[in-house]
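In what follows, a structure is listed as structure tokens, so that the remarks can point back to it.
Where a number appears in this text, it was derived from the coordinates with a stated rule and is not lab data. Just so it is clear, the model here is predicted, and its values are computed rather than measured. Here the Cβ positions follow ideal geometry from the backbone for every residue, glycine too, while neighbour counts run over all protein chains shown.
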Amino acid sequence: MEVKNLTKKLGGRNVVDDLSLTVQRGEIYGFLGPNGAGKTTTIRMIVGLITKTNGQVLVNGIDADKEYSNAMTQIGAIVENPEMYKFLTGHQNLIHFARMAKEKITNERIDEVVKLVDLEDAIHKKVKTYSLGMRQRLGVAQAILHRPSLLILDEPTNGLDPQGIHEFRAYLRKLTKEGTSVIVSSHLLSEMQLMCDRVAIIQKGKLINVSSVHEMSESESEQTSVRFIVSNTVKAQDILQMKDPELEITRQSNELQLTLKHSDIPLINEILVNAGIAVYGIISKQQTLEEKFLELTKEGVTQ
Ligand SMILES: Nc1ncnc2c1ncn2[C@@H]1O[C@H](COP(=O)(O)OP(=O)(O)OP(=O)(O)O)[C@@H](O)[C@H]1O
Ligand SMILES: [Mg+2]
């Protein structure tokens, strides 16, 4: 899916501001931003629940403005709480939604999605007896019935417990193995880090950063604080300081604390070992994704 220059003006300001992004096949794409950043508004425009002020949405190359219904058959979405009939069973709900689909959905397909979201045991029970997690799963089952190539979920893990979130991630992974792409929004980045391949950070309607989760959590080129637990801290400090007088070193009882690039850790280790110093441990404190997110969104405010 490709979104180009998407903009929504509401109440005299752009709550979504010239936003462009591309989601690849089989990818889980995170949409991360604080409350009010414009995530839901963006998703609503993508699925055509509200009009765009400006911009273009292409799904598998199909322009949603020109061929709305064709483009939408490629998308499955849960925006806000999925509509469900509480006094019907999960299965009856799925049959109901299957009837509304443009193309025929077979009973086999219904069984398949039930299995995929692990609802086999509960599918013939009434939805009113379902837990929140089970409802979410039924919502996903409903959204993927027609085999969309893109599944969009707005804050899908809201209210789920850690176990529920863990399982949810597993379902999403299963889906992407079938070639489905997924967009998930969240304001919790720890969750995005575990769930997504790439994360777009959105702040005040603007896209301020897109990076792979791998890139985000690895700070190869940045200075980090690294602790070396060694046999002789005094000697170790002397040797390192001799090699590089500029190196920032703090000495504690049985360890040295150094500020250096992550990629320099093996070199420091080698110097110490070659000098006959025993290295018992190397602990590197990398900047967490959380810290990066706060840094990025803070910059966004001042822009
Ligand atoms: N109908 C409207 N009129 C004016 N402003 C609106 C309207 N709907 C939403 N907004 C504003 O648009 C901004 C974006 O809202 P949106 O719901 O897209 O944010 P969000 O990122 O989904 O936030 P949350 O994490 O709280 O769900 C907010 O500042 C909101 O106040
Ligand atoms: Mg929202």
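DSSP assigns beta bridges within the chain; of those with both partners inside it, close to 70 percent run antiparallel. Our helix-only sum for the chain, with -39,500 (n - 2.57) per DSSP H run of n ≥ 4 divided by its residues, gives a mean residue ellipticity at 222 nm of -10500 deg cm²/dmol.
Note on the chain: with charges restricted to the Cβ of Lys and Arg (+1) and Asp and Glu (-1), its dipole about the Cα centre is near 1220 debye. Over all pairs of different C-alpha atoms, region 173-253 has a mean inverse distance whose reciprocal, the Kirkwood radius, equals 16.9 Å. Ranked by the mean number of other Cβ atoms within 10 Å per residue, highest first, peptides 184-197, 16-29 order as 184-197, 16-29. Arranged from fewest to most other beta-carbon atoms within 10 Å of their beta carbon, Ile183, Ile62 become Ile62, Ile183. Placing unit charges on each Cβ (+1 for Lys and Arg, -1 for Asp and Glu) gives region 76-191 a dipole about its Cα centre, and among Pro156, Thr106, Ile78 the Cα reaching farthest toward its positive end belongs to Thr106.
Projecting the Cα atoms of Met45, Pro34, Val59 onto the charge dipole of region 2-217 (Cβ charges, centred on the Cα centre) puts Met45 farthest toward the positive pole. In this label model, Leu194 and Asn232 are separated by 4.6 nm, measuring between points 7 Å along each Cα→Cβ vector. For the chain, count the residues as N, evaluate 2.2 N^0.38 Å, and divide the Cα radius of gyration by that value, please. Its radius of gyration relative to the 2.2 N^0.38 Å reference: 1.29. Here r is the Cβ-Cβ distance between Thr51 and Glu83 and R0 is 25 Å; the resulting FRET efficiency, rounded to 0.05, is 0.70. Summing charges over all other residues whose Cβ lies under 12 Å from the Cβ of Gly179, with Lys and Arg as +1 and Asp and Glu as -1, gives +2.
Between Asn5 and Gln163, the simple spin-label model (points 7 angstrom out along Cα→Cβ) gives 5.1 nm. Of Glu112, Glu246, the sequence from fewest to most neighbouring Cβ atoms within 10 angstrom is Glu246, Glu112.
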